[in-house]
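K.L.:
Handing you this structure, nothing more for now.
The values are calculated or read from the model by the stated rules, or taken from the named source; none is laboratory data. No experiment lies behind these values; they were computed from the predicted model shown. Here the Cβ positions follow ideal geometry from the backbone for every residue, glycine too, while neighbour counts run over all protein chains shown.
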Amino acid sequence: MVGGDGFVLTDPDVQAAVEAEGKKRVDGLISDEDRLVLRAQGVIVTSNAPAFAIVDYAKSSAINLIVIGTHGRGAMAHLLMGSVAEHVVRIAPCPVLTVRHPEREFVLPDALMAVTKAAR
């Protein structure tokens, strides 16, 4: 629903449900090994300024690498909307790895590795 001043008003129950579902999905992407070896954890932060929220979290949590996806929008969309990933790259306190969708497979399957080595 939209308030009289044009701001979108969000039902707190809807917001809580969206955040809970997001947390569940993020946690589902982290393996037990990642949790154990890398101490990986899923974190949900809501903000109207996502680049600043990401960078603030990285600073406050002593993060040493940010991995962020890009949408690969066209030049016009990028010009009009900007890029969260680009902004994070510019202001982050640590290195930022950007991953473009669709993802590329850079790791060769074992069988292909064996063939490649045998060909040398």
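K.L.:
Residues of segment 99-109 being among the charged types (D, E, K, R) and modelled with pLDDT under 65, which ones?
P.N.:
From segment 99-109, those among the charged types (D, E, K, R) are 100, 103-105; that's our starting set.
Hits for segment 99-109 are 103, 104, 105.
K.L.:
Please state which one of 67, 89, 96, 84 is in contact with a strand residue (DSSP E or B) (Cβ under 6 Å, 6 or more places away or on another chain), at pLDDT 65 or above and more than 19 Å from residue 42 (Cα to Cα). So that I can check it myself, show each step before the final result.
P.N.:
On the way: 67 fails: more than 19 Å from residue 42 (Cα to Cα); 96 fails: more than 19 Å from residue 42 (Cα to Cα); 84 fails: in contact with a strand residue (DSSP E or B) (Cβ under 6 Å, 6 or more places away or on another chain).
89 is the lone residue from the list that is in contact with a strand residue (DSSP E or B) (Cβ under 6 Å, 6 or more places away or on another chain), at pLDDT 65 or above and more than 19 Å from residue 42 (Cα to Cα).
K.L.:
Ok, one more. What are the pairs with Cβ atoms under 6 angstrom where one residue, in segment 29-50, is free of Cβ contacts under 8 Å to residues at least 12 places away in the same chain and the other, located anywhere, is assigned to a loop (DSSP other than H, G, I, E, B) and surrounded by 10 or more Cβ atoms within 10 Å (Cβ to Cβ)? Sequence gap at least six, or different chains.
P.N.:
Close Cβ pairs satisfying both conditions: 34/40; 40/30.
K.L.:
Since residue 68 meets every condition but one in (1) farther than 26 Å from residue 100 by Cβ; (2) not in a helix (DSSP H, G or I); (3) not acidic (Asp, Glu), which condition does it not meet?
P.N.:
Result: residue 68 passes all but (1).
K.L.:
Looking at this structure, is residue 20 of a type outside the set (Asp, Glu), surrounded by 10 or more Cβ atoms within 10 Å (Cβ to Cβ) and at pLDDT 90 or above?
P.N.:
Working: of a type outside the set (Asp, Glu): yes; surrounded by 10 or more Cβ atoms within 10 Å (Cβ to Cβ): yes; at pLDDT 90 or above: yes.
For residue 20, the condition - of a type outside the set (Asp, Glu), surrounded by 10 or more Cβ atoms within 10 Å (Cβ to Cβ) and at pLDDT 90 or above - is met.
K.L.:
Here is a follow-up. Anything in segment 39-54 that is within 26 Å of residue 87 (Cα to Cα) and in a loop (DSSP other than H, G, I, E, B)? List them, or say none. Give the steps one after another, and end with the answer.
P.N.:
The first filter runs over segment 39-54 and keeps only residues within 26 Å of residue 87 (Cα to Cα), leaving 40-54.
Once the filter is applied, which keeps residues that are within 26 Å of residue 87 (Cα to Cα) and in a loop (DSSP other than H, G, I, E, B), segment 39-54 yields 40, 41, 42, 43, 44, 45, 46, 47, 48, 49.
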